[in-house]
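What follows is calculated from the coordinates using simple rules that are stated; it is not laboratory data. Predicted model, so just to flag it, every value in this text is computed and none were measured. Glycine also receives a Cβ, built like all others from the backbone with ideal geometry; neighbour counts cover every protein chain displayed.
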Amino acid sequence: MSMEPDWARRPAWLNGEFLDLGQARISPLDRGFLFGDSVYEVIPVHAGRPFRLPQHLQRLSRSLREVRIPEPLGRDAWSAVVQGLVDRAPWSEVSLYLQVTRGVAPRDHAFPDVPPTVFAMAGPLHPPGAEQLARGFSAITLQDIRWRRCDIKTTSLIANVLGRQAARDRGADEALFIRDGYAVEGAATNLFVVHEGVAITPPHGRDLLPGVTRDLVVELLRGAGLACEERPVPQAFLEQADEIWITSSTKDVVPVTRLDGRPVGSGIPGPLWRRVHALFLDWREREAA
Ligand SMILES: Cc1ncc(COP(=O)(O)O)c(C=O)c1O
C-alpha cells in the first residue's frame, strides 16, 4: 500500500520545472517560510479557462512591486506555467496557486541578493454547491488586527488564518473584519452589503484586497443598471443589511444569511443576490463560448 498523501501527484511547477507536488522541495531558509516574505495569487479555472488571467497577473505584478521582489517571469512565461498546469490537471474545475518568495538566504531581515523562488500548483476547485448557496453562509464580525497594507496579496496571512478559525470555532463560515467602525472584507473574501436597495462595497485602498471577483461583480451590477456604490460600509450597515454577499475566486458570489448568530434580512438569500449570481453565471458561460 502506498503511503503517499493524496495530493502528492498533483501537478506543480518549481523554479522552471514541472513536477509532481510530492517531489517539490524548498529550503527551510526560504524567506517565504522564515518571514512570510512572499506574495501569491489564486486563479480558478472553469472549463479549461483561467478566470480573468490578465487581472490576476497584473495584481501579482503589483504585489511584487509593492514588496520590492523583482518580477521573476514575464507575462508569456506566466501564461505558459498556467497553461502547463491546466493541461496536466485531471479535474474539470481547477484552482491554480502561484507564489513568489524573496528567495533562499541565511536568515537576516534585510533583502539578500538572490533570485526569487517561484512556485505554482494546481488542485481541485470546490465552489459552493447548490445546497450551500440555498442555505447561505454564516459569518461573524471580528476586529481587524491585520497590518495596514491589506491591498498587497502577501502570504503573511496569520491574522486571516486566526480570523477564519475564530469563525469556525463559532460554527460560522467566514469572519468579516471591522476596522475603526467600518466593515472592510472577510478573512479571504470581499464584502457587499445591500442597504436600502443599493449594493455597497468598500472602495479599493489599503484596508482590503482589490478582489478580482469583487471588481467583476461591480461591473456586472452596473452593466445591468443596478445600483452599486463603492464606499465605506459602517458596521451598523452590516447589522441592518437586507443582504450581505461575499466574493472570492474560489467561491464566486455567495449570500451570507446569518451574521453573529442572527438572520441577515429575511434570513434567506435575497433577490438582489439571486440576480447578481445569475449575471455571474451568464458571464462565465459567455466567456466559455
Ligand atoms: C483577504 C482577501 N480578500 C479578498 C479576496 C478575494 O479576492 P479574489 O476575488 O481576487 O479572489 C481574497 C482572496 O483570497 C482574500 O484573501
In terms of the alpha carbon gyration tensor, root eigenvalues a ≥ b ≥ c, rounded if a/c is under 1.5 and otherwise prolate when a/b exceeds b/c or oblate, region 84-171 is oblate
With a ≥ b ≥ c the root eigenvalues of the C-alpha gyration tensor of region 1-63, is it rounded (a/c under 1.5), prolate (a/b larger than b/c) or oblate? oblate
Counting each DSSP H run of 4 or more residues in the chain as -39500 (n - 2.57), what helix-only mean residue ellipticity at 222 nm follows after dividing by all residues, to the nearest 500 deg cm²/dmol? -9000 deg cm²/dmol
Consider just the alpha-carbon atoms of the chain and return their Rg together with their Dmax, both in angstrom. 19.5, 60
Between residue 19 and residue 230, take the C-beta separation as r, use R0 = 35 Å, and let me know the FRET efficiency to the nearest 0.05. 0.25
Taking the Cα atoms only, what angle lies between the long axis of helix 271-288 and the longest principal axis of the chain, rounded to 10 degrees? 40
Quick note on 76, 30, ordering by fewest other C-beta atoms within 10 Å, gives 76, 30
Any idea how far apart residue 79 and residue 145 come out in nm if each label point goes 7 Å out from Cα toward Cβ? 4.4
Show me, for region 146-157, the HN-Hα J-couplings you get by feeding each phi into the Karplus relation (A = 6.51, B = -1.76, C = 1.60, θ = phi - 60°), rounded to Hz, glycine and proline as x. 6, 6, 9, 10, 6, 7, 9, 8, 9, 7, 6, 10
Using the Karplus equation 6.51 cos²θ - 1.76 cosθ + 1.60 (θ = phi - 60°), what ³J(HN,Hα) coupling, rounded to whole Hz, does each residue of region 232-245 give in order, writing x for Gly and Pro? x, 10, x, 4, 4, 5, 5, 5, 9, 4, 6, 9, 10, 10
Dipole magnitude of the chain, debye to nearest 20 (Cβ charges: Lys/Arg +1, Asp/Glu -1, about Cα centre): 240
Add +1 for every Lys or Arg and -1 for every Asp or Glu among the other residues with Cβ under 13 Å from the Cβ of residue 30, and state the total. +3
If only Cα atoms are counted, what is the Rg of region 150-224, and what is its Dmax, in Å? 13.2, 39
How far, in nm, would the chain grow between residue 134 and residue 155 when pulled straight, counting 0.36 nm per residue and subtracting the alpha carbon separation? 4.4 nm
Relative to the Cα centre, what is the charge dipole magnitude of region 115-257, using +1 at the beta carbon of each Lys and Arg, -1 at the beta carbon of each Asp and Glu, and rounding to the nearest 20 debye? 520
Cα extents of region 130-288 per principal axis, largest first, Å, are 37, 32, 28
If I take all pairs of Cα atoms in region 11-124, what percentage of them are more than 17 Å from each other? 53
